[in-house]
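Since every read-out is calculated from the coordinates, none of them should be taken as a lab result. This one's a predicted model, so the numbers in the text were calculated from it and none came from an experiment. Cβ sites come from the backbone with ideal geometry, for glycine too, and all protein chains shown count toward neighbours.
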Amino acid sequence: MFHRMCLVAICLGLLAFRSMAAEMLLPDKWGGGWQPDAELVKLTSERRPLFNYRETLVAPFELPRLFRTGEDEKAYGKDDWELRRSELVELLASEMYGRSPATVERQSMQLISIDKQALGGSATAKVVQIRLGVENRELKLELKMFLPNRVLGAVPVFLLINHRGPENLDMTRKVRNGYWPVEEVIERGYGIAGFQVSDIDPDKHDGFRNGVHGLFGREIEGDSWGSLAAWGWGASRAMDYFVADPGIDAAKVAVLGHSRSGKAALWAGARDTRFSIVISNNSGCGGAALSHRRFGETIDRINHAFPHWFCGNFERYNDREHALSFDQHFLIAAIAPRAVYVASASRDLWADPVGEYRSLYYAGEVYQLYGDEGLPVSIPPAAGNPVGSKRMGFHIREGGHGLEIYDWHRYMDFADNLWHEFAEVTRQ
């Protein structure tokens with residue numbers, strides 16, 4: 001008996017060693033793995049002492065399983081996933097983002113302006129107004145876009161959910177920056193579009209009286225949708241237009257958001273299966289980062305600072321992350337088998353780069369059902385070393401909280417690989 005117990009202990013020890021060794025033997029492209037700058041950790045901890053920025057202080061936790069466990073434990077396959085996916089979306093809607101209406105009574109689209117010789121003749125610029133109506137109430141969403149002229153036929157498009165000022169979607173191109181780099185995207189052969197979140201719902205706590213909430217005029221309940229869900233719903237209305245425009249390849253549309261808009265983009269992609277790629281840029285708490293880690297921004301803080309973002313039921317988890325029966329890897333997994341890309345920044349500890357990466361890593365369990373290799377280790381790669389598979393991508397960019405041209409080029413590289421037939425044509 002003693003010898004048998006020793007043998008079991010040795011086997012368990014070997015398994016543990018093997019697991020640790022797998023983490024240490026990182027692929028070359030991992031660049032040795034990412035660690036936050038020690039001085040940055042010290043300064044950030046001193047600046048915000050109520051929040052944790054040290055990996056050593058992350059308390060142990062048990063991450064909720066993507067598939068059921070216990071008596072229902074079994075080998076899951078692709079045939080099981082669609083049902084389970086719908087359960088995850090329902091859970092996230094009920095407990096976190098809120099339930100969104102499926103349709104409106106009236107929806108129409110009108111071309112407001114078109115310039116077929118924009119950017120010196122390299123692009124066609126369009127502004128489309130999407131009008132949404134319920135009873136005698138109406139809401140107008142303005143969709144702005146540039147499409148490359150050199151590409152024959154329908155083109156793929158990147159859609160940006162923009163929560164920053166309208167100058168960041170400047171159609172005159174007097175304002176240029178890495179946030180909406182029209183020229184670079186057109187040069188790569190892709191279309192680029194965007195809309196203001198304020199067209200759909202104001203980014204302030206107004207008692208849910210204005211914007212799309214006012215359009216539907218419903219009573220506010222615990223699972224009523226918040227502003228993040230509303231913005232994601234707006235992305236789906238933009239997708240309605242892409243489907244109707246013969247110049248756009250609606251099977252190749254990527255929805256993208258930064259920070260709070262990155263949270264909305266993930267939820268839009270989880271709900272609307274028409275998006276081919278879903279991109280989260282520095283989305284942090286309530287986006288890609290695992291809430292159970294309580295690293296950087298927490299649920300209590302985000303609900304108090306932005307009470308309009310989530311549904312009322314999410315407040316149940318203020319300072320109670322341990323009570324969550326889900327986490328953000330559920331959200332990312334709900335996008336499968338479509339493609340997803342998560343990006344972080346080396347100095348954005350508030351958004352928890354490790355938590356963002358691990359959320360993607362654990363969602364890989366579902367992608368593997370579809371033959372995707374996923375991410376081999378739970379340690380994020382060094383900054384400037386994008387990694388991933390065909391349907392999953394990740395990078396940490398040097399720098400702070402922002403959406404920059406480096407990020408966009410990595411997203412377009414990822415799209416090149418996924419939409420390779422299109423990429424091969426545009427390179428000719």
Could you tell me which residue out of V134, G384, S236 lies farthest along the dipole of the chain toward its positive end? Charges go on the beta carbon: Lys and Arg +1, Asp and Glu -1, centred on the Cα centre.
G384
If amide H atoms are modeled at 1.01 Å from N in the peptide plane, then the residues at a separation of 5 or more from I396, or on another chain, having amide H under 5 Å from its own are S344, G384, N385
So in the chain, what percent of DSSP beta bridges are antiparallel if you round to the nearest 5?
50 percent
Work out the length of the dipole vector of the chain about its Cα centre, built from +1 on the beta-carbon of each Lys and Arg and -1 on the beta-carbon of each Asp and Glu, and round it to the nearest 20 debye.
400 debye
Can you give the longest stretch of the chain with no exposed loop site, where a site means GluC sites (Glu not before Pro) in a DSSP loop (not H, G, I, E or B) with at most 15 other C-beta atoms within 10 Å?
222-372
Past 18 Å, Cα to Cα: identify those pairs from K144/K174; K204/K263; K42/K263, in the order given.
K42/K263
On Cα atoms only, tilt of 353-367 relative to the major axis of the chain in degrees:
90 degrees
Against the globular-protein guess of 2.2 N^0.38 Å, express the Cα radius of gyration of the range 349-428 as a ratio, rounded to two decimals.
1.19
Could you work out how far helix 227-244 tilts from the main Cα principal axis of the chain, as a 0 to 90 degree angle to the nearest 10?
60 degrees
Stretched fully, the stretch from H401 through D28 gains (0.36 nm per residue minus C-alpha distance, one decimal, in nm) 131.6 nm
Length gained when the stretch L43-T273 is fully extended (0.36 nm per residue, less Cα-Cα span):
78.6 nm
Those trypsin sites (Lys or Arg not before Pro) from the range 89-157 that are DSSP loop and have at most 12 other Cβ neighbours within 10 Å turn out to be R150
Here, F51 and E135, labelled 7 Å along Cα→Cβ, have an inter-label distance in nm of 4.0 nm
Shape category assigned to the chain from the gyration tensor of Cα positions, a/c cut at 1.5
prolate
Please identify which residues in the range 184-223 have an amide N closer than 16 Å to a label point set 7 Å out from the Cα of Q110, following the Cα→Cβ vector.
none
According to a simple spin-label model (label point 7 Å from Cα along Cα-to-Cβ), what is the distance in nm between I220 and S378?
3.9 nm
Gyration tensor over alpha-carbon atoms, the range 224-369, equivalent ellipsoid semi-axes in Å
25, 17, 13
Going by amide H atoms built from the backbone, whose H comes under 5 Å of the H on A339, apart from near neighbours?
V278
Under the Karplus relation with 6.51, -1.76 and 1.60 and θ = phi - 60°, whole-Hz ³J(HN,Hα) for the range 302-312, x at Gly and Pro, equal 5, 6, 6, 6, 9, x, 9, 6, 10, 7, x
Of N313, F330, G284, which is farthest on the positive side of the dipole of the chain, counting Cα position, with +1 on Lys and Arg Cβ, -1 on Asp and Glu Cβ, and the Cα centre as origin?
G284
